1. Report, in whole Å, the centroid distance computed from the Cα atoms of region 194-209 and region 380-429.
2. Could you pull out every residue, at least 5 positions away or on a different chain, whose amide H is within less than 5 Å of the one on K238? Hs are placed 1.01 Å off N in the peptide plane, and Pro or chain starts have none.
3. For region 158-172, just list the computed ³J(HN,Hα) in residue order, Karplus coefficients 6.51, -1.76 and 1.60, θ = phi - 60°, integers in Hz, with x standing in for Gly and Pro.
4. Can you work out ³J(HN,Hα) from phi for every residue in region 395-406, in order, using Karplus 6.51 cos²θ - 1.76 cosθ + 1.60 and θ = phi - 60°, giving whole Hz and x for Gly and Pro?
5. Quick one: which residues, 5+ away or cross-chain, put their amide H under 5 Å from the amide H of L401? H built at 1.01 Å from N.
6. For the cross-link pairs K268/K317; K135/K157; K165/K187; K119/K150; K333/K440; K119/K165, which exceed 25 Å when the distance is taken from alpha carbon to alpha carbon?
7. If you take the beta carbon distance between R336 and I403 as r and set R0 to 56 Å, what does 1/(1 + (r/R0)^6) give as a FRET efficiency, to the nearest 0.05?
8. If Lys and Arg each add +1 and Asp and Glu each add -1, what is the summed charge of the other residues whose beta carbon sits under 13 Å from the beta carbon of D122?
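Read-outs throughout are calculated quantities, based only on the coordinates presented, and are distinct from any laboratory measurement. In this text the structure is predicted, and so the values were computed from the model without any measurement. Glycine gets a Cβ as well: all are built from the backbone with ideal geometry, and neighbour counts include every protein chain shown.
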Amino acid sequence: MDSQQIEENDPLAREFSDVVQEGQWFILHFADGKQVFGQALRRSRGKNPPLKVNKRNYATNNVIGMPYGTILELGKNKLIPLPDEQDLLPAIQLDDAPNSDQTNDNRTLVDDNNSQALKKDDLIKLRQEGAHGSKIIQSLIENSATFDSKTEFSKAKYISRKQLKYQPRCRLVNCTARTVCETMYLKDPKRIMNLREDTLGQMLSYANICAGRQVLVFDTAMGIVTGSLAQRMGGYGKILCLYSGQQPSCIDMLERFNLTFAENHSIKWLHCEDIFVNTKEYPEEKDVEAEDRDALKWPCPLQEHTRKYVETMEDEKALNAFLTKRCNRFARKLTRTSPLEARTMLIERPSDSLVIATKHNPTEALLGMLPHLGPSCPFVVFCEYMEPLAQCLLEVQRNNLGINLRLTDTWMREYQVLPGRTHPNMHMSQNGGFLLVGIKLDPVLGVNEMDESTRKEIREQMGGRRGKKKRPTPDIEKQSQKKFRNGS
């Protein structure tokens, strides 16, 4: 079957768009490495602006419809799109390769803040007059007494530093699991437990995350892991996500993944007490939320006060927006899974994968959630420190709960690749967390019931361990040496 026919027959196929749509979140990558979240809105309401960069608010209505990868320049109060041939840093007309015949060097340069003729007041006046960043940079170069005596590399570095300040540019990037994790890691790594994007990719790979699986996850890293699971599975399967407190605290972060309705619906919320407290029997309870949901009718009739309000609306566009918002709200109510139904899903079928990324004790979390994982299924435990995972590894080995156990960490370093200036970056991340991975053993059939004496007898019959020939005893070696001497 053709891939196009499969997408047409797939009701949950994700319509990937190369352009920014209204209401979606996006990321701006700046040349200095900074990354900022933004939301494409035609109108901003409330105190929270859709985009804030360097203590200045920017409107994002012109971002709607732009293709991802577009280079934007920060204007006075808006984002200005640039042609396709432009880059994050404007082109510098200097020699890219070092010249062996050049006589300039930096030995005589002294940083005493006296080489620049332009003062701070002059720069402020230029910016208030609305001068373009390139003109300000050109004025700085012309008024610099030491610019001509610098090497070509020093000139390029000087211009690049001024461009970052007076001519800031950024690239429009789509929100995916990698980009969201990378942005949060650069912004505040402690809030996501120092979870780096390469470690997140290993978690999804080791846990064998794919469409159609039932995944049990305990995520306290601001929902980064949960959103990545939902985006990877594409709405197929179930994600049983544990939370503590009165309600999940990562709803805001999940919105930044731009999940579809089916991907959001695949996430089923479970309270921690359903696993770590009520471990024996679940009492029969009346599911009030499910009864209220089943009592709703579709299409939902308008109430009397809502009907009067609709009749007073004259603008057809505002009327359609109001009715669309109301239909979406009732659609969420009709498809919302109650906590008791999510608990029933946990009991009736063992999960196919187990993913843990929590600030709590990983040993207690794994031992409490492991009975709900099917045999021969993978589990992954993430922690920003090695010692708790080492204790968890010993506990799993002691109780014969898993095989193929590995405790790993990843060392990653970025490189600057430029002509004549290729070297590792001076600043790098020290650690991206530690992973404990393994496969669960069957609690009944996964135990070796043979005692030590039986195993020894089998080894002797096989000729040693793993079928190897038995080494000769010292007496046999002496007899063979005597025969060799007599024969000689």
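1. 11
2. Answer set, sorted by chain and number: R213, Q214, V215.
3. Computed from phi, the couplings for region 158-172 are 5, 5, 4, 5, 6, 5, 5, 8, 9, 9, x, 10, 8, 10, 7 Hz.
4. For region 395-406, the Karplus curve yields 5, 5, 5, 5, 9, 6, 9, x, 10, 6, 7, 9 Hz.
5. Correct list: empty.
6. K268/K317; K333/K440
7. After rounding to 0.05, the efficiency reads 0.90.
8. +2
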